[in-house]
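In what follows, a structure is listed as structure tokens, so that the remarks can point back to it.
The values are calculated or read from the model by the stated rules, or taken from the named source; none is laboratory data. Small disclaimer: the values here were computed from a predicted structure and weren't measured. Neighbour counts run over all protein chains shown; Cβ positions are idealised from the backbone, glycine included. Side chains are part of the model used for accessible areas, which takes the heavy atoms of the whole protein and leaves out ligands, DNA and RNA. Shrake-Rupley method; radii C 1.70, N 1.55, O 1.52, S 1.80 Å.
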Amino acid sequence: MYILNNYLLIILSLIITSLCISIISFILILKVKKLVELFRLSLRSRLLRSYIKSIEARKKRRLRKRYMVFEIINYGRSLNISKEELDTLMKKYFKELFGTTELSRSGLTLITIDKSKFRGVLKYHSTYRTKVLMTLALLQVKEGLIVNPLRTTGTLRKALKYARIIK
Amino acid sequence: MKYVEFHVRKLSEELVELLKKFKYHIIVCDDVKKYDILNDVTIIPRVTSSNANELKTAPRNAIRAYMVKSKEDLKNYPKLKRVANIVTLTDEALIRLGPKSIEKIVNLGLPVEICVNDIIRVLEKSRYLKGLYNLMRYAASNSIDLIVSSCPTKNLDVLHPILVRSILEELGLSSIQAKKALTQTPIKVLRGIGYNVYLE
């Protein structure tokens, strides 16, 4: 009887301790959740957002040049468009989409076009990548020139090498 | 990186070749009735209609897309979930749909498909895209799954996935969300129907 009583006591004490642990852990989880929520709220705060914006603005100041090699798919037909014409078309559509100030900021220029290889190289500032690509999409829809952007590089030499305009 | 072209209206060999060149490895086509592989490109059938009864009778292996042109098409919207796999918005819908109609679509829980060529055409006319901007708000907060396609009928309509992604980024999505609209979400829909497809 005495041994049985002892066992019961031990089991009871174990149950009570496990209950205590679970309650404590539950309280701790709640506290941590509150802390996480507080952290999230602090991340959303205006001050922090403005700070992040200012950092981004600082980054934007430094405009890096990018050179994009692209291919025009014309199914073997010769290209009836000169470099100057293509350049003005690109600038026209960019201006149509984003305006004159953005065009001057983007630094968009067609550097070269190889009619035999149907390849060309575009120059623009790195932050305007998506805008330039959107212009190319509009150029395709309006002028019927299927554009395949092949690669973007940081130097003109590499771009020309990739376009195989120079060896 | 491989992509999915979720809406090809008319299929031709030339078109498949161009899509393959542009790294589209799975094509979902209106013009096809059977699952097929052509030039290493997987072709999956699809039925697009604005009539829910027509979608009910569509073959099981086809993707059922419910086309929304105006808010009248969303009258029986709770039933759509049983019938359709995705909701497609036309250019008219992108212009006209108000916040309430877009909310209805969001509550449906189905992925929403938009056509980039339609967006470009409407942007050209410098019209205000009320429906699109309302939709983009939800897409940016990950409330809906967005699928983007160029909806080509001929070679000229095929846009490179990088161009499509850049258009989405310009419309307010992050680069990850834009990429997801061309890869993960379409694959999720295809797997939901039973196609064991994947993009390496």
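Things to note:
- Spherically averaged projected area in nm², based on the convex hull that wraps the Cα atoms of chain A: 20.0
- B:Ser50 paired with A:Lys161, simple spin-label distance in nm, labels 7 Å along Cα-to-beta-carbon: 5.5
- Length gained when the stretch A:Leu8-A:Phe39 is fully extended (0.36 nm per residue, less Cα-Cα span): 6.5 nm
- Heavy-atom accessible area for A:Lys95, with the other protein chains in place and a 1.4 Å probe, reaches approximately 100 Å².
- Residues with amide H under 5 Å from that of B:Val8, placed H, sequence gap 5 or more: B:Val28, B:Cys29, B:Asp30
- Nearest-20 debye value, segment B:1-83 charge dipole, Cβ charges on Lys, Arg, Asp, Glu: 540
- Computed lengthening from B:Lys81 to B:Arg96, 0.36 nm per intervening residue step minus Cα-Cα distance: 3.1 nm
- Interface size B-A, as summed buried accessible area [1.4 Å probe, Å², nearest 100]: 1800
- For chain A, with +1 on Lys and Arg beta carbons and -1 on Asp and Glu, the positive-most of A:Ile111, A:Thr127, A:Leu79 along the dipole: A:Ile111
- Listed values for segment B:55-71 are Karplus-derived 3J(HN,Hα) couplings in whole Hz (6.51 cos²θ - 1.76 cosθ + 1.60, θ = phi - 60°), namely 5, 4, 8, 5, x, 5, 7, 8, 7, 9, 10, 8, 8, 10, 9, 9, 6, and x replaces Gly and Pro.
- Area accessible to solvent at A:Glu37, 1.4 Å probe radius, in Å²: 110
- Rounded to the nearest 20 debye, dipole of segment B:131-182 from Cβ charges on Lys, Arg, Asp, Glu: 60
- Peptide-level mean, for A:138-146, of C-beta atoms on other protein chains within 10 Å: 5
- 21 Å Cα-Cα threshold exceeded, pairs from A:Lys91/A:Lys131; B:Lys2/B:Lys33; B:Lys69/B:Lys100; A:Lys83/A:Lys142: B:Lys2/B:Lys33
- Anisotropy class of segment A:65-163 from Cα gyration tensor, a/c 1.5 cut: oblate
- Sites B:Asp36 and B:Lys71, calculated FRET efficiency, Cβ-Cβ separation with R0 45 Å, nearest 0.05: 0.75
- 3J(HN,Hα) along segment B:185-194: 5, x, 5, 4, 5, 5, 5, x, 7, x Hz, from the Karplus curve 6.51 cos²θ - 1.76 cosθ + 1.60 with θ = phi - 60°, whole Hz, x for Gly and Pro.
- Measuring with a 1.4 angstrom probe and ignoring ligands and nucleic acids, A:Ser82 comes out at about 40 Å² accessible.
- Across segment A:65-163, the mean sequence separation of Cα contacts (distance under 8 Å, 6 or more residues apart), normalised by length, yields a relative contact order of 47 percent.
- Debye-sum result for chain B in log10 I(q)/I(0), which assumes one identical scatterer on each alpha carbon, at q = 0.09, 0.10, 0.14 Å⁻¹: -0.30, -0.37, -0.76
- Partner shielding of B:114-123 amounts to 2, given as the average count of beta-carbon atoms from other chains within 10 Å of each residue beta-carbon.
- Protein heavy-atom accessible surface, 1.4 Å probe, per residue over the protein assembly as shown: 58 Å².
- By the Cα gyration tensor, the protein assembly as shown has an equivalent ellipsoid whose semi-axes, rounded to whole angstrom, run 46, 30, 22 from largest to smallest.
- Taking amide H as placed 1.01 Å from N in the peptide plane, the amide H of B:Glu113 sits under 5 Å from that of B:Val87, B:Thr88, B:Leu89, B:Ile147, each at least 5 places away or on another chain.
- FRET efficiency, 1/(1 + (r/R0)^6) with R0 51 Å, evaluated for A:Ala57 and A:Glu84 via beta carbons: 0.90
- Applying the Karplus relation 6.51 cos²θ - 1.76 cosθ + 1.60 with θ = phi - 60° to segment A:83-96 yields 3J(HN,Hα) values of 4, 5, 5, 5, 4, 5, 5, 4, 5, 4, 6, 4, 5, 4 Hz, where x marks Gly and Pro.
- The calculated pair-distance distribution of segment B:43-82 uses every alpha carbon pair, bins of 5 angstrom beginning at 0, and gives 6, 23, 34, 21, 11, 4, 1 percent.
- Put a plus charge on the Cβ of each Lys and Arg, a minus charge on the Cβ of each Asp and Glu, and nothing anywhere else: the dipole of segment A:10-167 about its Cα centre is then about 700 debye.
- Stokes-Einstein diffusion coefficient of segment B:67-183, Kirkwood radius over Cα pairs, 20 °C, 1.002 mPa s, in µm²/s: 149
- The calculated 222 nm mean residue ellipticity attributable to helices in chain B amounts to -11500 deg cm²/dmol, summing -39500 (n - 2.57) over DSSP H runs of n ≥ 4 and dividing by all residues.
- Selection among B:Val148, B:Ser101, A:Ile23 by position relative to the dipole of the protein assembly as shown gives A:Ile23 as farthest towards the positive end (Cβ unit charges, Cα centre).
- Peptide B:149-156 has a mean of 2 when you count, residue by residue, the C-beta atoms of other protein chains within 10 Å of its C-beta.
- Estimated from the Cβ-Cβ distance and a Förster radius of 35 angstrom, the FRET efficiency linking A:Arg46 and B:Tyr128 is about 0.75.
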